[in-house]
1. Okay, which of the range 33-53 sit inside 19 Å, backbone N to the point 7 Å along the Cα-Cβ direction of Gln5?
2. Could the peptides 14-21, 85-92 be put in order, highest first, of the mean number of other beta-carbon atoms found within 10 Å of their residues?
3. Could you work out the helix-only [θ] at 222 nm for the chain, with each DSSP H run of four or more residues adding -39,500 (n - 2.57) and the total divided by the number of residues, to the nearest 500 deg cm²/dmol?
4. For the range 4-95, what's the relative contact order in percent, using C-alpha pairs closer than 8 Å and at least 6 residues apart?
5. If we sort 51-58, 2-9 on the protection proxy, mean other Cβ atoms within 10 Å, highest first, what's the order?
6. Only Lys, Arg, Asp and Glu count, each charged at its Cβ (+1, +1, -1, -1), so figure out the dipole size of the range 4-95 about its Cα centre, rounded to 20 debye.
7. Translational D (Stokes-Einstein, µm²/s) of the range 4-95 at 25 °C and 0.890 mPa s when Rh comes from the Kirkwood sum over C-alpha pairs?
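Nothing in this text is a laboratory measurement; each read-out follows from the coordinates by a stated rule. These numbers were taken from a predicted model, which means no experiment stands behind them. Don't worry about glycine lacking a Cβ; one is built from the backbone with ideal geometry, like all the others, and counts go over all protein chains shown.
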Amino acid sequence: MENYQETKLKTIAKNYILSKTPYFSHYHPQPLFIHIFISRVEKAYSFLADPLKVIINNDFFYQDYPWWWKGQYNEKTYLLLRQIAIYQFMEAYEELN
C-alpha cells in the first residue's frame, strides 16, 4: 500500500529526472524555480546515510532493477529501511522549503 509520502516522492523523482534530461535542459530555458527544485532535491538526498541513499536512488530515481535489494536484505529489513529512507528524504525536502 502506497502512502502519501511515497506518492509525493515518486512525483518529485519523476519531475527531477525530467528536469535533468538533456532535451529538456538544452531546448527549454530553465527558470529559477527549476534550479531551486533541483537544488532542493539534491540537498535532501545529501542528508541521507549511504544505505538510505541507495534505496532512494534504486527505488525512485533509477528503477532499472525492481528486485535489486534481494542480494542485500531480507524483505522485512528492506521494507523497514525503505520506509525510513522515504520518511527522512521527505522530511529533509520539506524542511528546505
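1. Hits in the range 33-53 for Gln5 at 19 Å: 40-53.
2. Values: 14-21: 13.8, 85-92: 18.1.
The packing order, highest mean first, is 85-92, 14-21.
3. Details: 5 runs with 66 residues, N = 97.
The per-residue figure over the chain is -21500 deg cm²/dmol.
4. Values: 52 pairs, mean separation 36.4, N = 92.
It rounds to 40 percent for the range 4-95.
5. Working: 51-58: 17.1, 2-9: 13.5.
For the peptides 51-58, 2-9, the packing ranking is 51-58, 2-9.
6. On the way: 10 positive and 9 negative charges, 30 e Å.
Here the range 4-95 has a charge dipole of around 140 debye.
7. Values: Rh = 14.0 Å.
The diffusion coefficient I find is 175 µm²/s.
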